[in-house]
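**Q** Mind having a look at this structure? Questions to follow.
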């Protein structure tokens, strides 16, 4: 656990207030996500606590729902990274064994219930026929253009070389090293293969075109090398997406579990039409009913997630998203997301904009209010929250309440102004 010297957040009668400069700085840079939108719609105080404090002070049991879900996700990602012809049931079993033997999950391999759960989830995937044949699934090939990739580093280093009188031995390496020392190239500077490419390409270009080349051919070659250096084609597994939605002032981000190719334009070396999919490891499939009068109906959060991913994928990667699915292997059910439902799409965009404005308001007022509900028993603050509701007559709620951290543990990260 983190070594926290002073409380980070104060619990007041009206809500939570941030008292840590570090947390305030993180909040100012906070991006939106599907889960953050759902959390802010639910209880802002609980969202703040779970996002910035409780994970630092509350010891988690090694076997929990989140880790089981992550373990299953890793198995499926590894399996679908295999060439199509190798995606056999034998290969799936090998991936299960490999994940259980990995440093990340070897502790769960010692817990029989966790192992049985993983095997049941994998069996559920096969028995539900989410994919008629895994070997027929075409994982999309997604084009990415990195603004601060090795191509950009090559271009900036070339500009430095052309402006410098330094031509002695090692001048290419020094120019490139100078460019890579910039903070925007921090991750790139740690990629030895990318650095070698930039250095080799600089040498080759200068040998071909010389210094301060202004010919059309030289300029075209420079631009082509920058583009190729920044371009990558990635498999549609755990695809990171980020961008602005609607009139939101901050970015929304997320990771798409699997992207299937549904179409490719003739002559293209990347997918042009795709379907986005998300593995859901919960025991119950959440079916959205569009005509319900509930403010936040069951299944809406999951639908919203896939629509957000679809919007971001189209904006950032330039592909057409033709479908979206939620795959529940434990519940053995597939939920389709209707991307043609314009009302739902408009609602999702409005939700993003509202969450963005709401987060800005919370930060400006430095107050994250409580929103008590039957879910309070599942919140780690339930034992100190002045507005918490408990439902001890409901067995699941009572058990959940008993499992929440004690006041002594919470005092490591929260300043308590009053106790319940």
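We did not get these values from a lab; they are worked out from the coordinates using the rules stated. From a predicted model like this one, the values you see are computed outputs, not experimental measurements. No Cβ is skipped: glycine too gets one built from the backbone with ideal geometry, and neighbour counts run over all protein chains shown.
**Q** Working out 0.36 nm times the residue gap between residue 166 and residue 66, then minus their Cα-Cα distance, what length gain in nm do you get to one decimal?
**A** Result: 30.5 nm gained on full extension.
**Q** Give the distance, in whole Å, between the Cα centre of segment 347-377 and the Cα centre of segment 285-338.
**A** Spelled out, the Cα-based centre of one part sits 21 Å from the other.
**Q** Right, something else. Tell me the relative contact order for segment 146-233 as a rounded percent, counting alpha carbon contacts under 8 Å between residues six or more apart.
**A** Rounded, it is 48 percent for segment 146-233.
**Q** Another one. Return, for the Cα atoms of segment 282-327, the radius of gyration and Dmax in Å, separated by a comma.
**A** 12.6, 35
**Q** Per q in 0.07, 0.08, 0.10 Å⁻¹, report the Debye log10 I(q)/I(0) for the chain, using one uniform scatterer on each alpha carbon and no solvent.
**A** -0.45, -0.59, -0.89
**Q** Another question, then. Work out, step by step, the length gained on full extension between residue 21 and residue 316: first 0.36 nm times the residue separation, then minus their alpha carbon distance; give nm to one decimal. Provide the component values of the computation, followed by the final result.
**A** Details: separation 295, 0.36 × 295 = 106.20 nm, distance 3.31 nm.
Full extension of this stretch gives 102.9 nm more.
**Q** Sticking with this one: Which residue fluctuates most in the GNM of the chain (Cα springs below 10 Å): 272, 262, 21?
**A** Taking springs between Cα atoms under 10 Å, the residue moving most is 21.
**Q** Compute the label zone of residue 298 within segment 21-51: residues whose backbone N is under 16 Å from the point 7 Å along Cα-to-Cβ.
**A** No residues fall inside that zone.
**Q** Helix 150-163: angle to the longest alpha-carbon principal axis of the chain, degrees 0 to 90, nearest 10?
**A** Value to nearest ten degrees: 40.
**Q** Quick one: if you stick a label point 7 Å off each Cα along the C-beta vector at residue 10 and residue 416, how many nm between them?
**A** For the pair residue 10/residue 416, the computed spacing is 1.7 nm.
**Q** Fully extended, how many nm does the chain gain between residue 375 and residue 120 (0.36 nm per residue separation, minus their Cα-Cα distance)? Please list the in-between numbers first.
**A** Working: separation 255, 0.36 × 255 = 91.80 nm, distance 2.79 nm.
Taking residue 375 through residue 120 to full extension adds about 89.0 nm, to one decimal.
**Q** Another one. If you build a Gaussian network model of the chain, linking Cα atoms that sit under 10 Å apart, which residue out of 263, 236, 170 swings the most?
**A** Evaluated over the chain, the most mobile residue of the options is 170.
**Q** Looking at segment 130-201 from every direction and averaging, what is the projected area of its Cα convex hull in nm²? Present the calculation step by step, with values, prior to reporting the outcome.
**A** On the way: hull surface 28.4 nm².
Mean orientational projected area (segment 130-201, Cα hull): 7.1 nm².
**Q** Which whole number in µm²/s is D for segment 177-259 by Stokes-Einstein, with the Kirkwood Rh taken over Cα pairs at 10 °C and 1.306 mPa s?
**A** Working: Rh = 16.0 Å.
Here the translational diffusion coefficient equals 99 µm²/s.
**Q** Turning to a different aspect of this structure: At 222 nm, what value in deg cm²/dmol follows for the chain if DSSP H runs of at least 4 each add -39500 (n - 2.57) and the sum is divided by all its residues, to the nearest 500?
**A** Rounded to the nearest 500, the figure is -14000 deg cm²/dmol.
**Q** Same structure again: Give the distance, in whole Å, between the Cα centre of segment 59-97 and the Cα centre of segment 245-267.
**A** So the separation of the two Cα centres works out to 23 Å.
**Q** While we're on this one: For segment 65-135, count all C-alpha to C-alpha pairs, find those more than 22 Å apart, and express that count as a whole percent of the total.
**A** Of all Cα-Cα pairs in segment 65-135, 17 percent lie more than 22 Å apart.
**Q** Taking R0 as 60 Å, what's the FRET efficiency between residue 128 and residue 204 from their Cβ-Cβ distance, rounded to 0.05?
**A** 0.70
**Q** As a test of the definition: which semi-axes, in Å, follow for segment 309-400 when you take the square root of five times each eigenvalue of its alpha carbon gyration tensor? Largest first, please.
**A** On the way: eigenvalues 232, 109, 23 Å².
Computed over segment 309-400, the values are 34, 23, 11 Å.
**Q** In what order do 128, 71 fall by count of nearby beta-carbon atoms within 10 Å, going from fewest to most?
**A** 128, 71
**Q** Between residue 177 and residue 30, take the C-beta separation as r, use R0 = 51 Å, and let me know the FRET efficiency to the nearest 0.05. Mind dumping the intermediate values first?
**A** Numbers: r = 34 Å, r/R0 = 0.66.
The value I calculate is 0.90.
**Q** Taking the chain as the reference, fit the longest principal axis to its C-alpha atoms, fit the long axis of helix 216-230 to the helix C-alpha atoms, and give the angle between the two in degrees, 0 to 90, nearest 10.
**A** The angle comes out near 30 degrees.
**Q** Can you give the Rg to Rh ratio for segment 236-340, taking only C-alpha atoms and Rh from Kirkwood?
**A** 0.99
**Q** Report the per residue volume, in Å³, of the convex hull enclosing the C-alpha atoms of segment 299-361. Don't skip to the end; give the middle numbers.
**A** Details: hull volume 6.6 nm³, N = 63.
Per residue, the Cα convex hull of segment 299-361 comes to 105 Å³.
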